[in-house]
Amino acid sequence: MAITDQPVVHIGSEGERGVIARDLGDLLWLFAAGLGPAEAFSDPDLPAEPNEAFHAIAERHAPGRRRAPAQIVAAARAEFPHFSELVDAMCR
């Protein structure tokens, strides 16, 4: 599987972790909506100012995939529901 097709995760400094995008295309649309990884993880419904530069990049590399940030994060979490447990299992 290509690196651009891999899920994107957020791992915070306080141990918080979760999948925020199913792939690079979804991540670009999160950036286009004005959210960074931490904001997408903690509150994807957070009002943000859209980023026009990332919007152009997302249109070029992931056309037709624009969705609300909460939908992007929900789809990613639904596709990879056991991510946090997987990390726990790898830790001592």
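Only the coordinates and a few stated rules stand behind these numbers; no lab work does. What you see is a predicted model; the values in this text were computed from it and never measured. Positions of Cβ are backbone-derived with ideal geometry, glycine not excepted, and every protein chain shown enters the neighbour counts.
With a 10 Å Cβ neighbour count serving as the proxy for reagent exposure, in which order, fewest first, do Leu27, Leu46 appear?
Working: Leu27 23, Leu46 13.
So the ranking, lowest neighbour count to highest, is Leu46, Leu27.
May I ask you to compute the full-extension gain from Arg66 to Glu49, defined as 0.36 nm times their residue separation minus their alpha-carbon distance, rounded to one decimal in nm? Each step should come with its number before you reach the end.
Working: separation 17, 0.36 × 17 = 6.12 nm, distance 1.55 nm.
Here the segment from Arg66 to Glu49 would lengthen by 4.6 nm.
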Treating only the Cβ of Lys, Arg, Asp and Glu as charged (+1, +1, -1, -1), what charge dipole size does the chain show about its Cα centre? Round to the nearest 20 debye. 260
The ³J(HN,Hα) series, computed from each phi in the range 8-20 with the Karplus coefficients 6.51, -1.76 and 1.60 at θ = phi - 60°, rounded to the nearest Hz and given as x for glycine or proline, is 10, 10, 10, 10, x, 5, 9, x, 5, 7, x, 7, 10
Dipole axis of the range 51-92 (+1 Lys, Arg; -1 Asp, Glu on Cβ), positive-most option in Ala68, Ala53, Pro81: Ala53
So what J values fall out for the range 25-40 if you push phi through Karplus, 6.51 cos²θ - 1.76 cosθ + 1.60 with θ = phi - 60°, rounded to Hz, Gly and Pro as x? x, 5, 4, 4, 6, 5, 4, 4, 6, x, 9, x, x, 5, 5, 4
When averaged across all projection directions, what area in nm² does the alpha-carbon convex hull of the range 3-90 cover? 5.8
